[in-house]
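Data block below; observations after.
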Amino acid sequence: MRKLILIAPMLVPAAARAHDVEAELAAGPILGWGAEWWVLALLASSLILYAAGLARLWPRARGARRPLARQAAWFGAGWAMLVLALASPLDGAGAYAFSAHMVQHEMLMIVAAPLLVLGRPLALWLWAFGRHARLAIADGTRRPGVRAAWGALTAPLNAWLLHFAALWMWHVPACFQLALADNAMHALQHTSFLASALLFWWAVLGREGGAHGRGGAIVYLFTTMMHTGALGALFTMSGTVWYPLYANRAQLFGLTPLEDQQLGGLIMWIPGGLAYLVAGLVLCARWLRPGPATRVAELRP
């Protein structure tokens, strides 16, 4: 509990965002709201396109407005989690403490990603365009090469492997420290985590009745819970610091480097593992509930 209290100051907004961590160590952490311009542009455009598509589709979805509103609520919640992960003081805190960095990564992979998948953004973004552009884009997605590539990326086993590879590769000490030291690599790390998580959750939540069926979704959730929990346990049980770049930074929040690493491991191990367990239970409950589901995303462009 003491460690959890000590990490709380990371979430308090301050006057500015931390850019050059090493130069600011002497003055203490400087945290605030904000992000790179391209991150803000992507966040804003994704929301604008979704809202425009929803406004255009709403009059046509007279018999499916309730599930459409539910999808919009899921997307809104996922989008808000992205903002908290990428543009709040938590992003700056991740440069100082491994445990804060783990909170950020978990928000991207097990909170924002499944919520965005449930929001079915691809269909709503398509509806944001005019009829001719919408039909041209839809025709382009039906080309054999595009369909084959999308099918390969979203095949459950492939999506599971990509998510597994991204998670473990970026936590190799050399790769993680490279991401800490270079802004471009840090952006690539977060992109890998979010993109692979979106593919994974699409395979689990968006392919019901597919080749692997409902039982396969439970298997993928269970195995992901096991390997992410194993990685978290390695951080928690280790007696050595994996990432020396955090050696002096975590002390700014009252944590030793090893305590910071162990707290980050616990965050990945316990809350992260529980998220996959809860997702499996929710899927089971939904499958056992009688009645067909209305699929708004299948309305013709």
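The values are calculated or read from the model by the stated rules, or taken from the named source; none is laboratory data. The shown structure was predicted, so the numbers you read here are calculated from the model rather than taken from an experiment. For neighbour counting, all protein chains shown are included, and Cβ atoms are generated from backbone atoms with ideal geometry for every residue, glycine included.
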Ala179 vs. criteria hydrophobic (A, V, I, L, M, F, W, C) and farther than 24 Å from Gly273 by Cα: yes
Failed criterion for Ala55 (all others in (1) buried (at least 19 other Cβ atoms within 10 Å of the Cβ); (2) at pLDDT below 95 hold): (1)
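Got a sec? Which of Gly210, Gly291, Gly216 is modelled with pLDDT under 80, part of a loop (DSSP other than H, G, I, E, B) and surrounded by 14 or more Cβ atoms within 10 Å (Cβ to Cβ)?
The match here is Gly210.
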Any pair with Cβ under 9 angstrom, 6 or more apart, that starts in region 58-73 at a residue that is closer than 18 Å to Trp125 by Cβ and among the aliphatic types (A, V, I, L, M) and ends at one that is modelled with pLDDT of 90 or more and surrounded by fewer than 16 Cβ atoms within 10 Å (Cβ to Cβ): Ala72/Ala51
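Yes or no, residue by residue, for (1) out of contact with any helix residue (DSSP H, G or I) (no Cβ under 8 Å at 6 or more places or on another chain); (2) modelled with pLDDT under 85:
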| residue | (1), (2) |
| --- | --- |
| Pro244 | no, no |
| Phe253 | no, yes |
| Gly272 | no, no |
| Val278 | yes, no |
| Val282 | yes, yes |
Selection from region 237-251 of residues that are surrounded by fewer than 18 Cβ atoms within 10 Å (Cβ to Cβ) and part of a helix (DSSP H, G or I): Met237, Pro244, Gln251
Tally, over region 123-169, of residues that are under 30 Å from Val83 (Cβ atoms) and in contact with a helix residue (DSSP H, G or I) (Cβ under 8 Å, 6 or more places away or on another chain): 26
Flag for Arg62 being surrounded by fewer than 18 Cβ atoms within 10 Å (Cβ to Cβ), charged (D, E, K, R), part of a loop (DSSP other than H, G, I, E, B) and modelled with pLDDT under 90: yes
Residue in region 30-42 that is part of a helix (DSSP H, G or I), farther than 30 Å from His186 by Cα and either small (Gly, Ala, Ser) or modelled with pLDDT of 80 or more (or both) present: no
Residue pairs meeting the criteria (Cβ under 7 Å; at least 6 apart or on separate chains; first closer than 16 Å to Ala93 by Cβ, in region 32-44; second outside any helix (DSSP H, G or I)): Gly32/Pro13; Gly32/Ala14; Gly32/Ala15; Gly32/Ala16; Gly32/Arg17; Trp33/Pro13; Trp33/Ser88; Gly34/Arg17
Ala16 being at pLDDT below 95, surrounded by fewer than 19 Cβ atoms within 10 Å (Cβ to Cβ), of a type in the set (A, V, I, L, M) and not in a helix (DSSP H, G or I): yes
